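**Student:** Can you read through this structure? Questions will come right after.
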Amino acid sequence: MRGLVAAAAALLAVTATASTATAAASSARATPEPKAPAEFVALATVDPTIIQELRYITPHNFVGRPIDGYRQPVCILTRHAAQALHRAQLKLLAEGYSLKVYDCFRPQRAVDNFVEWAKDLDDNRMKTEFYPLVDKSRLFDDNYIAAKSGHSRGSSVDITIVKLPAWPTRPYRPGQPLVNCFAPKDQRFPDNSVDMGTGFDCFDTLSHTDDPRVQGVQRANRDLLRGTLKEAGFVGIPEEWWHFTYKPEPFPDTYFDFPVAWRSVAGHR
């Protein structure tokens, strides 16, 4: 009898321990993810006409797979940045063009994912397209990858211009042959944007906004993008023709980590 009682007590103890562990695991899973502050909105609620082709939720990017933190293809920005893009869009629509965003708010976990990838020197699956002339070991030193990104503050966009009417860019097929990002437009990966001289996220000096080798129509297109966004309050950077930040930033020193998903800005207007 004593043996049965002892066995029963031991069984109860094991069951209680398992239940406690299960409850703890469930509690951990149930911990809600951070939401965006009220100053953030989905761009589509401010201007649904701006084309969105968010690259980091797809495998067509320099890593070659969807990036951590991107859950849904929704451009999230601070409200003032979104409203400024709306003003720029109205001007371009009158001239027969539309803006197209490649990336907007970028959570810190995505930036961490980039850093982790950059340290893996053996993973070069997308080198042919995105960094054909750059050794991966140089990505940090050459400032193509960094531990912090202005995108995580919520007022930066990667953006281009599309001539209307806009036809959708065909989907990227993982494993398809890659072409370098500074090849002639009719040879590199098809994009419905105007010709800027390189593709988006091209790790090459030809992507520098004022590179003197970029002339003619390509130069005019870069100037149109920069001039239009400057009038709306955005400032570009010398190294990337596609990157712009709305000034003044409401969060100049804060790097957020909420996921890119509709729920992050649910109810925000």
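The values are calculated or read from the model by the stated rules, or taken from the named source; none is laboratory data. As the structure is a computational prediction, the values presented were derived from the model and not from experiment. Methodologically, a virtual Cβ is constructed for each residue, glycine included, from the backbone with ideal geometry; neighbour enumeration extends over all protein chains shown.
Yes/no matrix, rows are residues, columns are (1) over 25 Å from Ser152 (Cβ atoms); (2) free of Cβ contacts under 8 Å to residues at least 24 places away in the same chain; (3) in the same structural domain as Leu133 (by TED's automatic domain parsing):
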{"residue": "Pro190", "(1), (2), (3)": "yes, yes, yes"}
{"residue": "Leu206", "(1), (2), (3)": "yes, no, yes"}
{"residue": "Asn221", "(1), (2), (3)": "yes, no, yes"}
{"residue": "Glu239", "(1), (2), (3)": "no, no, yes"}
{"residue": "Pro250", "(1), (2), (3)": "no, no, yes"}
{"residue": "Phe258", "(1), (2), (3)": "no, no, yes"}
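**Student:** Just checking, how many residues over segment 123-141 are hydroxyl-bearing (Ser, Thr, Tyr) and within 21 Å of the chain's Cα centre (by Cα)?
**Tutor:** The qualifying residues number 2.
Matching residues to (1) in contact with a Phe, Trp or Tyr (Cβ under 7 Å, 6 or more places away or on another chain); (2) hydroxyl-bearing (Ser, Thr, Tyr):
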| position | (1), (2) |
| --- | --- |
| Gln108 | yes, no |
| Trp117 | no, no |
| Leu133 | no, no |
| Ile145 | yes, no |
| Ser152 | yes, yes |
| Thr160 | yes, yes |
| Lys163 | yes, no |
| Ala166 | no, no |
| Asp186 | no, no |
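**Student:** Moving on. Can you tell which of Lys127, Lys119 is touching a helix residue (DSSP H, G or I) at 6+ places or on another chain (Cβ under 8 Å) and free of Cβ contacts under 8 Å to residues at least 60 places away in the same chain?
**Tutor:** It is Lys127.
**Student:** To continue, here is another question. Looking only at segment 190-248, count every residue that is of a type in the set (Val, Ile, Thr), surrounded by 18 or more Cβ atoms within 10 Å (Cβ to Cβ) and within 23 Å of Phe130 (Cβ to Cβ) and tell me the total.
**Tutor:** Residues in segment 190-248 being of a type in the set (Val, Ile, Thr), surrounded by 18 or more Cβ atoms within 10 Å (Cβ to Cβ) and within 23 Å of Phe130 (Cβ to Cβ): 5 in total.
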